[in-house]
Amino acid sequence: MLLESVLNNIEYKLISGDLDKEITSVEFDSRKVVPGSLFVCVAGFTVDGHSFAVKAAEQGASAVVVDTNRQLLSNEELIKISQQFDIAVVEIEHTHKYLSDLCANFYGHPENKLAVFGITGTKGKTTTAFMLREILEKSGKETGLIGTVCNIIAGEKIHAAHTTPESKDLYEMMGTLVSKGADSLVMEVSSQGLKLDRVRGIRYRTAAFTNLYEDHIAPNEHPDMEDYISCKLKIFDNCDTGILNADCSVADRVTGYCDGRVDLITYGIDRDADFVARNLRPERRGHVTGTVFELDSEYYKGDIFVALPGKFNVYNALCAIVTAYKEGIDIEVVKSALETISVPGRMQPVENNFGVNILVDYAHNAAALESVLNTLKEYTEGRIITVFGCGGNRSRTRRFEMGEVSGNLSDYTIITSDNPRNEEPDAIITDIVTGISKTEGKYEIESDRSKAIRLSVSMANAGDTVLIAGKGHEDYQIFADKTIHFDDCQQAREAVLEREGK
């Protein structure tokens, strides 16, 4: 594709060179530049892409796009680079914003060839996304998934670096989906993805808002809650239908924002809504810990079983059900999908033959841990044994809070390491102990996470629940000097086999 075509419908200024350069890829990471690439200089939080323009040219880039408001590289310097390496240099305003437009042009606007379903919210995005993809697939629609746990593109699981990928990666994956014949895409849409224009240009068939909690308030994320919610609301600026959890804390704010902008369908449990779940009750089917609820809606009135425990998973199921309703999918397909749903690292069961309910979950803050533990009380005849640690280079307050929650709601806690990163594991554990010491909860310390998991499995009796919390789907553990392979589910399965003597 010629550079001129990649720049279609974008205002630009040609600083030097020709627009008839052949472009073979669009890149914002200079390490990925190959001969023929268009290198887009983006100023990030810590690194300014303009400082790599020469490197990109040396690696064979055909053209470079710079930002009008750049701090580096004068026009004279750019002309010199252009002439030295025979490349085109183009200037546009806000390269980080228009990177999406460049990629959309280059990949042939795949966003217009897919039914894209967006899900945003502090919690519930991943589980809802997996539920919805399962429903769409069972209805006969080949569907991709982009989210926190992984990206599923044309049946292939790809590691996810971000909940919502950078626009270049996002458009490349959408292009692959289109080329492989897919017709749908389910996306987790993070507040950062919206704030940084990674999803610019994508129109959602449905845009769902699950909830909002105080989280992601940090110098490199959101300065305050107002910025956080304002970014979340952007998902409704470009969608056909909005879907809202009527029970969420900012439901009125979302409703006001959508009024006159987009039609809104609501779901809930505690408040009136278009889709309401009533009479929630726990149910176990074999090794599956799930929930039955009565759905009251124009779509369907009757019982639905979701193969995940807890009220919060009923909310997730409701969100997926509303989307299925809008797509005209038969309710029996929906029920079948929800009866067998499994989400990596989200209340994920580990089978065993000694009657213990072993679950791996991503709960990595106090609110999530409290919600999970309160849910598990409904399903547990014996004790709740909780294994968790806290991440390094993260809020210390979270450690105190999680310790206190586990002490209050678990019968026994094994405090261990999570991802210590650049902190001493023992220092993190000391902070957790400070929190748990405010309670009457029993606990012990085992800083080796593998040993802690094995300890929890070995000490559990029939009727007990073992919750391994904090890392969920992650398959690594980060230390100051190394990152190792570590998978909680794998570790738990090995612990089960050791106990069974296999």
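The values are calculated or read from the model by the stated rules, or taken from the named source; none is laboratory data. These numbers come from a predicted model, not from an experiment. No Cβ is skipped: glycine too gets one built from the backbone with ideal geometry, and neighbour counts run over all protein chains shown.
Are any residues in the stretch 465-476 surrounded by fewer than 22 Cβ atoms within 10 Å (Cβ to Cβ) and either in contact with a helix residue (DSSP H, G or I) (Cβ under 6 Å, 6 or more places away or on another chain) or within 21 Å of Val372 (Cβ to Cβ) (or both), and if so, which ones?
His473, Glu474, Asp475
With the condition being of a type in the set (Lys, Arg), I'd like the helices (runs of 4 or more DSSP H) fully within the stretch 1-95 carrying at least 1 qualifying residues.
Result: 53-58, 75-85.
Residue by residue through the stretch 170-184, note down the ones that are in contact with a helix residue (DSSP H, G or I) (Cβ under 9 Å, 6 or more places away or on another chain) and not aromatic (Phe, Trp, Tyr).
Leu170, Glu172, Met173, Met174, Gly175, Thr176, Leu177, Val178, Ser179, Ala182, Asp183, Ser184
Among the numbered criteria (1) crowded, with 17+ Cβ neighbours inside 10 Å; (2) of a type outside the set (Phe, Trp, Tyr); (3) assigned to a loop (DSSP other than H, G, I, E, B), which single criterion is violated by Ile428?
Answer for Ile428: the failing condition is (3).
So for the stretch 310-325 (the condition being at pLDDT 95 or above, part of a loop (DSSP other than H, G, I, E, B) and not assigned by TED's automatic domain parsing to the domain that holds Ala462), does at least one residue qualify?
Taking every residue of the stretch 310-325 in turn, none turns out to be at pLDDT 95 or above, part of a loop (DSSP other than H, G, I, E, B) and not assigned by TED's automatic domain parsing to the domain that holds Ala462.
Go through the stretch 347-373 residue by residue and tally those that are under 27 Å from Asn211 (Cα atoms) and either touching a residue at least 40 places away in the same chain (Cβ under 8 Å) or of a type in the set (Lys, Arg) (or both).
Residues flagged as under 27 Å from Asn211 (Cα atoms) and either touching a residue at least 40 places away in the same chain (Cβ under 8 Å) or of a type in the set (Lys, Arg) (or both) within the stretch 347-373 amount to 16.
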